[in-house]
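In what follows, a single structure is set out as structure tokens and then discussed.
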Amino acid sequence: MKHALAHLRHAHLPFGIVLAAAAIVCAGLVMEIDRLVFEATVGEPLTRQASVIFVVSLAVALMVGWAAMDKARRHAETARLRQARHHVLAAIGSDAIVMHYQPIVDPAGGVKGFEALMRVRGPGGIGAPAALLADAALARLDAVLTRAVLSRVMADQDTTLGRTVPITVNVSVRALRDLDTDWLIAAIAGRRLNIEVTEDAFFDGDPRILERLALLRGAGARIYLDDFGTGYSSLSHLAAMPIDVLKIDQSFVLQMDRSERHRKLCHAVIGLAARLDLDIVAEGVETRAAFDELAAFGCSGFQGYYIARPMPAAIAAGFATGGSARNNAT
Ligand code: G
Ligand code: MN
């Protein structure tokens, strides 16, 4: 809309004349209809002056109505924004945000690391973070929320998980852009913290994103490309992306058991990663059949319900050292 208006402003004079002529014709038509209706219902001719007054009052009424609606809309938007901001800041300030950890294992079942996944504590128990993430995006608090998430992961490392087991944290492109780089580098130093990004990080067009990823890599973080295969990256893009690990999206893995094409696709992506010297993690491994087949294809990293659901830090710590993993999982 803004675009269209900007375009109009630069439009040629003849266009403005056509627009003015159209407005005059429309006003004339409205007056004519008004005159016909008046004469048909009242049975007397309508004076030109009364007709003009009618059209002008109609225009004023429309403008006042439109302005009132616009004001109400802007008011509702501001209120929604304030509510979103409050939701995110309140969650950060309380203990509502908890991190769960889902193991990534090697073909022998040994734990290679965990993906940290945000969960939100609510009245009905611990649930998915979708609403909180949406509000953070709306209120432009992605970086603030990500910083809180990273702080919780670091606290879990320090108290429960230890600093040597690799943990990946999902970071959105907006968070990556707005996070304080010095803080991030300091956070990563001395820890095995890795970053999961989706393809949009590389297509955003903002050079700061690539700079930041390079800085993080320099500081020792490995970059995981999440949800691979669902976006729009071409193979040439893939070759140029500064990444270390490819995560095959769960939608492909989930369909392996019933689709030959998806099996072949997973096989091909595993080969592709190997050729590009990238590590690979298959997400959404829910069955033994999928696990075995992926392993036969040369897959070296597995994540999914077949291995374990995301779990609280204390249970993840036990899982990493060979304990039970099936309690309190999400
Ligand atoms: O976008 P990303 O790949 O980070 O999303 C991970 C999400 O997938 C988490 O919310 C996690 O709970 C879920 N998940 C993890 N393993 C499985 C699985 O085996 N099957 C399904 N359906 N979902 C999974
Ligand atoms: Mn992820």
Open item on the list: Please compute, over every Cα-Cα pair in segment 39-151, the percentage with a separation greater than 22 angstrom.
Closed with: 61 percent
- [ ] Collect residues whose amide H, placed 1.01 Å from N in the peptide plane, falls under 5 Å from the amide H of residue 168; neighbours closer than 5 in sequence don't count.
- [x] 114, 115, 116, 194
TODO: Please list the non-local residues whose amide H lies under 5 Å from the amide H of residue 97, H modeled 1.01 Å from N, same-chain partners needing a gap of 5 or more.
DONE: 121
Task: Separation of the residue 20 and residue 81 label points, Cα + 7 Å toward Cβ, nm - done: 3.7 nm
- [ ] Can you tell me which of 122-131, 276-285 comes out highest on packing, and rank the rest after it, using the mean Cβ neighbours within 10 Å?
- [x] 276-285, 122-131
Task: segment 58-214, Rg to Rh (Cα coordinates; Rh as Kirkwood inverse mean 1/r) - done: 1.12
Task: For the chain, Kirkwood radius (reciprocal of mean inverse C-alpha pair distance, Å) - done: 24.1 Å
Task: Listed peptides 65-76, 311-322 by packing density, highest first (mean Cβ within 10 Å) - done: 311-322, 65-76
Task: Sparsely packed chymotrypsin sites (Phe, Trp or Tyr not before Pro) within segment 228-264, loop by DSSP, other Cβ within 10 Å at most 14 - done: 232
Open item on the list: Taking the Cα centroid of segment 66-130 and of segment 257-323, what is the distance between the two, rounded to the nearest whole Å?
Closed with: 26 Å
TODO: Rank-order 297-305, 147-155, 180-188 by packing density, defined as the average count of other C-beta atoms within 10 Å over each peptide's residues, highest first.
DONE: 297-305, 147-155, 180-188
- [ ] For the chain, return all DSSP H helices satisfying: extent of Cα atoms along own axis at least 27 Å; mean Kyte-Doolittle hydropathy at least 1.0.
- [x] 13-42
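Quick note: the coordinates plus some simple rules give every number you see, no bench work behind them. Fair warning: this is a prediction, and the values are worked out from it, not measured in the lab. Cβ coordinates were reconstructed from backbone atoms using ideal geometry, including for glycine residues, and neighbour counts include every protein chain displayed.
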